[in-house]
Amino acid sequence: MNVGVLAIQGGFAEHRKALHLVGVSSFEIRKLSDLQQSLDALILPGGESTVIGHLLHETQLFSPLKTMIDNDLPVWGTCAGMILLARTIEDEQKSYFGKIPITVKRNAFGRQLGSFHMTGTCPGIGKIPMTFIRAPFIKDAEKEVQILSSVNGYGVAATYRNVLVTSFHPELTDDLQVLKYFLQRSQKNTRKVMR
Ligand code: GLN
């Protein structure tokens with residue numbers, strides 16, 4: 001299995017480190033020619049969604065990645081990555097890949113520090129440490145979306161078809177459960193595509 005990690009801004013190095021720890025090969029996607037390698041799954045890291053969105057167009061990576069995501073390549077977006085995958089962003093006109101039918105609110109957990117840590121649970125994954133950094137939450141979701149975990153009544157982890165999104169950053173903790181869950185889902189999905 002080979003996982004492509006979008007590496008134009010934000011916390012991509014931490015995702016690659018976690019992938020290395022679970023023995024899965026990965027590579028950085030920075031420019032169009034990086035997509036000559038085949039990938040079984042894609043990770044969109046945290047960072048600043050507006051900056052990543054802008055750079056996706058500048059590097060011309062946007063449309064080939066959108067085609068892959070639309071064609072059900074397994075994808076996991078953390079924090080800014082969740083915003084990039086959401087169909088609607090509250091108070092904004094535009095969206096990016098728009099694959100998961102949710103409305104997200106950016107910088108949703110308060111204005112002061114905006115960062116905090118807690119322990120939460122996700123069905124099918126278990127108890128997990130959750131690190132939030134100026135994180136979005138899910139304000140609305142269509143019924144096909146499975147909300148895995150909520151904080152203060154708002155979704156912070158969800159799945160839909162090939163998509164996994166988390167408001168928090170498992171890659172900034174030592175806990176590899178969410179990554180393993182994503183890889184398992186991706187393997188199932190790859191088998192389905194091959195059949
Ligand atoms: N606040 C950032 C945004 O709106 C996301 C923060 C993060 O990825 N840690 O894009």
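The values are calculated or read from the model by the stated rules, or taken from the named source; none is laboratory data. It should be emphasised that the depicted structure is a prediction, and the values quoted were computed from it without experimental measurement. Here the Cβ positions follow ideal geometry from the backbone for every residue, glycine too, while neighbour counts run over all protein chains shown. The accessibility values were calculated without ligands, DNA or RNA, using every heavy atom of the protein model including side chains. Shrake-Rupley method; radii C 1.70, N 1.55, O 1.52, S 1.80 Å.
Report, in listed order, any pair from 31/94; 31/139; 31/180; 66/127 with a Cα-Cα distance greater than 29 Å. Please report the intermediate quantities before stating the final value.
Numbers: 31/94 23 Å; 31/139 33 Å; 31/180 27 Å; 66/127 32 Å.
From 31/94; 31/139; 31/180; 66/127, over 29 Å: 31/139; 66/127.
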Subject >> Placed amide H near residue 135: partners under 5 Å, 5+ positions off or other chain >> reply: 108, 109
Subject >> Cβ-Cβ FRET estimate between residue 20 and residue 142, R0 fixed at 25 Å, reported to 0.05 >> reply: 0.10
Original post:
Over the chain, what percent of the accessible surface lies on carbon and sulfur atoms, probe 1.4 Å?
Top reply: 48 percent
Original post:
With the chain treated as a Gaussian network of Cα nodes joined by springs under 10 Å, which of 104, 145, 75 yields the largest mean-square fluctuation?
Top reply: 145
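Counting GluC sites (Glu not before Pro) as exposed when in a DSSP loop with at most 11 other beta carbons within 10 Å, what is the longest stretch of the chain free of them?
Working: sites that count: 142, 144.
Answer - 1-141.
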Original post:
Ordered by residue, what ³J(HN,Hα) values in Hz, to whole numbers, does the range 58-63 give under the Karplus form 6.51 cos²θ - 1.76 cosθ + 1.60, where θ = phi - 60° and Gly and Pro are x?
Top reply: 4, 8, 6, 7, 4, 5
**OP:** Give a residue-ordered list of calculated ³J(HN,Hα) values for the range 79-86 (Karplus: 6.51 cos²θ - 1.76 cosθ + 1.60, θ = phi - 60°; whole Hz; x for Gly, Pro).
**Re:** 6, 4, x, 5, 4, 5, 8, 6
Original post:
Given H placed on each backbone N at 1.01 Å, which residues far from residue 29 in sequence or on other chains put an amide H within less than 5 Å of it?
Top reply: 5, 6, 7
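Restricting to Cα pairs below 8 Å that are 6+ residues apart, what does the relative contact order work out to for the chain? Please round to a whole percent.
18 percent
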Subject >> 3J(HN,Hα) from dihedral phi, the range 4-21, Karplus parametrisation 6.51/-1.76/1.60, rounded to Hz, x for glycine, proline >> reply: x, 10, 4, 10, 9, 5, x, x, 6, 4, 5, 5, 5, 4, 5, 4, 4, 4
Subject >> Estimated [θ] at 222 nm from DSSP helical runs (n ≥ 4, -39500 (n - 2.57)) normalised by residues in the chain, nearest 500 >> reply: -8000 deg cm²/dmol
Original post:
Sequence-distant or interchain residues sharing an amide H contact under 5 Å with residue 120, placed H: which?
Top reply: 128, 130
Original post:
Picking from 173, 88, 103, which is most flexible by a Gaussian network model of the chain using Cα springs under 10 Å?
Top reply: 173
Original post:
Could you give the length gained on full extension between residue 152 and residue 48, defined as 0.36 nm per residue of separation minus the Cα-Cα distance, in nm?
Top reply: 35.1 nm
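Which percent, nearest 5, of DSSP beta bridges in the chain are antiparallel?
Details: 22 of 40 bridges.
In the chain, approximately 55 percent of DSSP beta bridges are antiparallel ones.
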**OP:** With springs connecting C-alpha atoms under 10 Å apart, model the chain as a Gaussian network and identify which of 82, 68, 118 has the largest mean-square fluctuation.
**Re:** 118
